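Encoded as structure tokens, the structure appears first; notes follow it.
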Amino acid sequence: MDIEILGRALSTLPADDEHPYRTGPWRPQTVERKADNLDVVGEIPADLDGVYLRNTENPVHPALEIYHPFDGDGMVHVVGFRAGKAFYRNRFVRTDGFLAEQAAKRPLWAGLAEDPRTSPTPTGWGARGRLKDASSTDVVLHNGVALTSFYQCGDLYRLNPTTLETLGKASWNGRFPSDVGVSAHPKLDEHTGELLFFNYGTEAPYMHYGVVDPDDNLVHYIDVPLPGPRLPHDMAFTENYAILNDCPLFWSPEALAAGKYAARFYPDIPTRLAVIPRRGQTADIRWFEADPTYVLHWVNAYEEGDQIVLDGFFQQDPEPPAGNGTLYQRMFRFLDNQLMGPKLHRWRLNLTTGLAKEEPLSDTVSEFGMINGRHGGRRHRYTYSALSKPGWFLFNGIVKHDGVTGQEETYRLDEGVYASETAMAPRVGSQGEDDGYLITIISDMNRDVSECLVFDARAIAAGPLCRIALPERVSSGTHSTWAPGSAIPQWADRDDPATAVHL
Ligand SMILES: [Fe+2]
């Protein structure tokens, strides 16, 4: 393995840090590296061509008082594949907040678990305001550029998808909605090249929806009026519609009136699902009511006759009891999938009757579902999801759900080994929906290493086809994406795709 250090961030974290999400599998990194000629056990498939991008929260300063795992600065990892070889890079996203705190050598914003009024900086980002936009949640490729995003809304940072150099912020022909920002989980339609997005905040109309064309121009942006401030996290789309949501888990209005941000579940309020023609107006929005729950992530949606089929993860208990645990145990119960019990679920929205029907698809607690991106907005059969370690935001297995047979195939990692969100990479020349590979980065606490694992998507229980060594044990993370080489400018033209893509 050839390793070169690209940069080092200033860290003021204590050497004897005891925070559960800044130690162990969540130990952050301060060094940025490039590594080529990675050591491989097994063989990298020659028809795996493109990049696996993964974002994470990677703090370099302590919080003012209480660190929440979603406060950390965005760091993206890339493992690129071409012709049976792999390369790796990790870089911080050069957000305004990261750069300002590097210069100041201390935290300048209050975190998610802290009172915004205590923030040393009077301005900021986020649906609730005065947060640091860490751009640490999600990553997606659009118009040949990797875009990182922040779940509380903020800028979209543009990164070179192979070098991870920060190229600036999305401006969308000068129409980027900087007043509200953009939420995590903008959706790429691989068939049209469009990017669909939403945002949310504490001021009416509380949500907006928009479309960016394949050439990076904002071409559509409308109000989506809600009854009050909500906490939507994800959206879905079909060939002709965008689907937004108003779930009954949101900031308590009473607490909000007192300046506090406390998410509460309201089990007597239905879940509402909005169906909007992709270029439709506010007046075209149709709302469907369904059983109360909170859906953190949708899997996909598609049209079937006069129905929209929408798959996502129905939480059995969106607000688990706080109990008498420690502060961390109470705070982090919202990170414990075993407590909230998300399970794969299907909603059918009938455009003729205006009614929603729903049914569970699985008894397995899972989340962070991925599909073959070519099926985004189109009928899909296979969902690849993460299994979670009880009590933790850590993924300890992968489950493939077959939507036709209902069968599931599982790969469990060894105790002490944790995966990332696992992306599906169609094989070059792919002939079927699951004709490709699953890719994940693991953090192995037993061997103190990280590896990138590649599975045959048709045989995940057989274990990885290859294990690719990374230069350092990396922090667990949140979201990931697969971008085929064909979607990256100049990728195919250059001898070395790791360094030669210039944007
Ligand atoms: Fe997410």
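The values are calculated or read from the model by the stated rules, or taken from the named source; none is laboratory data. What you see is a predicted model; the values in this text were computed from it and never measured. Methodologically, a virtual Cβ is constructed for each residue, glycine included, from the backbone with ideal geometry; neighbour enumeration extends over all protein chains shown. Keep in mind that these areas ignore ligands, DNA and RNA; they rest on the heavy atoms of the full protein, side chains included. Shrake-Rupley method; radii C 1.70, N 1.55, O 1.52, S 1.80 Å.
Some observations on this one:
- Cα pair distances of region 377-503 binned at 10 Å [whole percent]: 12, 38, 33, 15, 1
- Calculated SAXS-style log₁₀ I(q)/I(0) at q = 0.13, 0.15 Å⁻¹ - region 157-283, Debye, Cα scatterers: -0.59, -0.76
- Where labels lie 7 Å past Cα in the beta-carbon direction, separation of Asp306 and Ala83 in nm: 5.6 nm
- If you take all other residues with their beta carbon under 15 Å from the beta carbon of Ser178, and give Lys and Arg +1 and Asp and Glu -1, the sum is -2.
- Here the Karplus relation 6.51 cos²θ - 1.76 cosθ + 1.60, evaluated at θ = phi - 60°, turns the backbone of region 377-390 into coupling constants of x, 10, 4, 10, 10, 10, 10, 10, 10, 9, 8, 10, 6, x Hz, with x for every Gly and Pro.
- Pairs of lysines in the chain (C-alpha under 30 Å apart; 8 or more residues apart or interchain): 24
- In the frame of its principal axes, the chain has Cα extents of 57, 53, 48 Å, reported largest first.
- Couplings 3J(HN,Hα) for region 458-475, derived from phi with the Karplus relation 6.51 cos²θ - 1.76 cosθ + 1.60 (θ = phi - 60°), are 8, 8, 6, 5, 6, x, x, 6, 7, 10, 10, 6, 9, x, 8, 5, 9, 5 Hz, where x marks Gly and Pro.
- Only helical runs count toward this figure. For the chain, summing -39,500 (n - 2.57) over DSSP H runs of n ≥ 4 and dividing by all residues gives -1000 deg cm²/dmol at 222 nm.
- Ranked from largest to smallest solvent-accessible area, with a 1.4 Å probe on the protein heavy atoms, Lys357, Lys169, Lys400 come out as Lys357, Lys169, Lys400.
- Scalar couplings 3J(HN,Hα) for region 312-323, obtained by applying the Karplus form with A = 6.51, B = -1.76, C = 1.60 to θ = phi - 60°, are x, 10, 7, 7, 6, 9, x, 10, x, x, 5, x Hz; x denotes Gly and Pro.
- Computed from the Kirkwood radius of its Cα pairs, the Stokes-Einstein diffusion coefficient for region 223-262 at 20 °C and 1.002 mPa s stands at 181 µm²/s.
- Length-normalised contact order of the chain in % [C-alpha pairs under 8 Å, at least 6 apart]: 13 percent
- R0 of 35 Å, Cβ-Cβ distance Val31-Leu327: FRET efficiency to nearest 0.05: 0.70
- Under 15 Å, Cβ to Cβ, from Arg82 - net charge with Lys/Arg +1 and Asp/Glu -1: -3
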